[in-house]
1. Place the label 7 angstrom along Cα→C-beta at A:Lys8 and in each other copy, then list the distances from the first to the rest in nm, shortest first.
2. Among rounded, prolate and oblate, which fits the stretch A:271-332 when a ≥ b ≥ c are the square roots of the eigenvalues of its C-alpha gyration tensor, a/c under 1.5 means rounded, and a/b larger than b/c means prolate?
3. How long, wide and thick is the stretch B:3-46, going by the Cα atoms along their three principal axes, in whole angstroms, largest first?
4. More than 27 angstrom separation, counting every C-alpha pair in the stretch B:224-343; what % is that?
5. What does the convex hull of the alpha-carbon atoms of chain B project to on average, in nm²?
6. Give the Rg/Rh ratio for the protein assembly as shown, taking Rg as the radius of gyration of the Cα atoms and Rh as the Kirkwood radius, to two decimals.
7. Within the stretch A:3-46, what whole-number % of the accessible surface is contributed by carbon and sulfur, with the 1.4 Å probe and all protein chains included in the calculation?
8. Chains B and A: how much accessible area gets covered up at their contact, both sides added, probe 1.4 Å, in Å² to the nearest hundred?
2 protein chains.
Amino acid sequence: MTLKELSKVLGLSQTTVSRALNGYPEVSETTRSRVREAAERHAYRPNARAKGLATGRAMAIGHVIPQSIRHETVNPVFGDFIAGAGETYARSGYEMVLAFIEKDESEVYRTFKARGSVDGIVVHGPRLNDPRLRQLADIGLPFVVHGRSSGLDIPYSWLDVNNRSAFHRATRFLLDLGHRRIGLVNGLEEMDFAFRRRRGYEQALTEHGLPIDPALIAADEMTEFHGYRSARAMLALPDPPTAFLAASMICTLGVRRATDESGLVCSRDVSIVTFDDSLSYLQNGQDVPIYTATRSSVREAGRRTARMLIDRIQTPDTPHRQELLEAQLVVGLSTGPVPNRQG
Amino acid sequence: MTLKELSKVLGLSQTTVSRALNGYPEVSETTRSRVREAAERHAYRPNARAKGLATGRAMAIGHVIPQSIRHETVNPVFGDFIAGAGETYARSGYEMVLAFIEKDESEVYRTFKARGSVDGIVVHGPRLNDPRLRQLADIGLPFVVHGRSSGLDIPYSWLDVNNRSAFHRATRFLLDLGHRRIGLVNGLEEMDFAFRRRRGYEQALTEHGLPIDPALIAADEMTEFHGYRSARAMLALPDPPTAFLAASMICTLGVRRATDESGLVCSRDVSIVTFDDSLSYLQNGQDVPIYTATRSSVREAGRRTARMLIDRIQTPDTPHRQELLEAQLVVGLSTGPVPNRQG
DNA sequence: GTCGTCGTTGAAAGCGCTTTGGAAGACTGA
DNA sequence: TCAGTCTTCCAAAGCGCTTTCAACGACGAC
């Protein structure tokens, strides 16, 4: 059922039918409802490609997922993020197109733009001084970044968790409990979020007059194994940490495996604080949090990022917007005062 | 840069340029290379919508993700699956469009079909006698199912892991170690894969002449908490299990948390076997598997499912294809002979 | 009665591509 | 020389929609 057929059925012109369905005012209410009713009855759906060709808008938004540097790791938070974004898109009539790529990301952007497949892009996993953002700005494709890019001086829209303050708070929390040797199991520090988290951690230590020990900082892709290996290595140090700060629930599972293996009891012998993205399949306890955590829902971030991008697409000339979400500190069962080693 | 402009630059007609770029034979090699070179130089990319409108093909494939019944759980394996599928799409020039939906899935199918947004669909999470498959067949949209739907008698293409045999093997493995009380921490049994897994488990028990104890079977969404709660409940039974069979790594983490809490040492006091989807961010150990597992890469499944669908779209009249992947049993550190309770 | 205005509808152009149905030129063989 | 092939190219229609421009009737004002 096409517009043409539908208009023939109704004895109207395509123009009028199109106007009636798209809510233009120059159409009488009686014909409009007649048209609406007929469209409903014949299950008419405008062809997306034809509409896109005519309007110049794709009604689609692209998410470009780089195959990560090593291990072809699919970020476990990614599923929740796009689920949130997807909710917003669905409500606004947008489709979500995903591109998994291996090599040249800017090539994909250029192609998206030239082929007109999408109206805008969500940028994932920004790095320090990320070249992609400048490329996107040059290409002229609207975009919003999930995260930020330190060291980049062009204006752009972003939504980020305050990673620095989250890790600052978490570290201070451990310091207040008396911990002085705190292991940081971080993500790859070329990633902006990991860089900021480390800054928060270091800032808290410095404020307490404590030195920064490189042996207590491990950065890698946030897998379970990274958590395990890093924690185990730190626990083998002559002066091992009494607490760990982990960058994700997945990492934390590895840290926990290492501490368990060492026969340490969590919260008594060793404290663990994690960053919790509120993943739907990996909740931090039902009522009482298992782990003390700085928490921020990545799904909600997806919802809001999508909203920002749609707004940008619809009103491109408004100034760039930024949204900084504060993570919430929830105290769980994984932390306790520093153990008395001499005791 | 449009076809029109490019053809003007070259002093050729749109027809010839189009043919040259799309590899039609009626064009001399000299003009073809001239055209190719110019297209490259001007970074010409055909407009996807216009092309789609003219050809009737969208060069896009839809993945419809139902917001799960409860907890709005995003299946953690989903990310790896679509990453695999995405690889295949990228190589074949297809785009991937995702739809997250809350309510009527068949409505989305109909809309996809009517609007022509996609050429085919991958169906996720099939249930027993799933009505969606019949709907899709009626609508006439090519599709391939990741999984199967027991009790459905129409022909369709699918790719599935042999869940029954995987759990049959895993159960038998535990039985061979002397375990007689084996807890099954399953997914929701309205899901076809969970149903089949249970069948494999029960079949192995029955073959050994053992009864099936409903108290040792728990089915729910495959979260960490499900694993924890179910295992804890089973361990509190008068005659607790000496082994667990868990439906995913995520569940297993919960099971492990419960056994740890009970002071049980894994593989000595209690054995755990899991189903391992080879998730990139949650690997089952680096060299030696931590958990004994039946393993099958969901990413590889994504790659192959995508391939099947593309083939189906390109040659719709071929008979339906089915692909049954056998999971591999890997023996890890989480299993051992049944403990001697009296000892 | 005429004119301008308002409210409502339509014809047709155009979005950027593919593809049908020729057509021009080059080349054969008689 | 000419009819009959190929080879190589093109004009134009068409995909299904939006949107510009124009038209038409009704109406009130003069």
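The values are calculated or read from the model by the stated rules, or taken from the named source; none is laboratory data. What you see is a predicted model; the values in this text were computed from it and never measured. Positions of Cβ are generated from backbone atoms using ideal geometry, with glycine treated the same way; all protein chains shown enter the neighbour counts. To get the accessible areas, we keep the full protein, side chains included, count just its heavy atoms, and leave off ligands, DNA and RNA. Shrake-Rupley method; radii C 1.70, N 1.55, O 1.52, S 1.80 Å.
1. Copy-to-copy label distances at A:Lys8, shortest first: 3.5 nm.
2. Prolate shape, in that a/c is at least 1.5 and a/b is the bigger ratio.
3. Sorted from largest, the Cα extents of the stretch B:3-46 read 23, 17, 16 Å.
4. 33 percent
5. Seen from a random direction, the Cα hull of chain B projects 21.3 nm² on average.
6. Here Rg/Rh amounts to 1.01.
7. Numbers: 1430 of 2820 Å².
Accessible surface attributable to carbon and sulfur in the stretch A:3-46 totals 51 percent.
8. 4700 Å²
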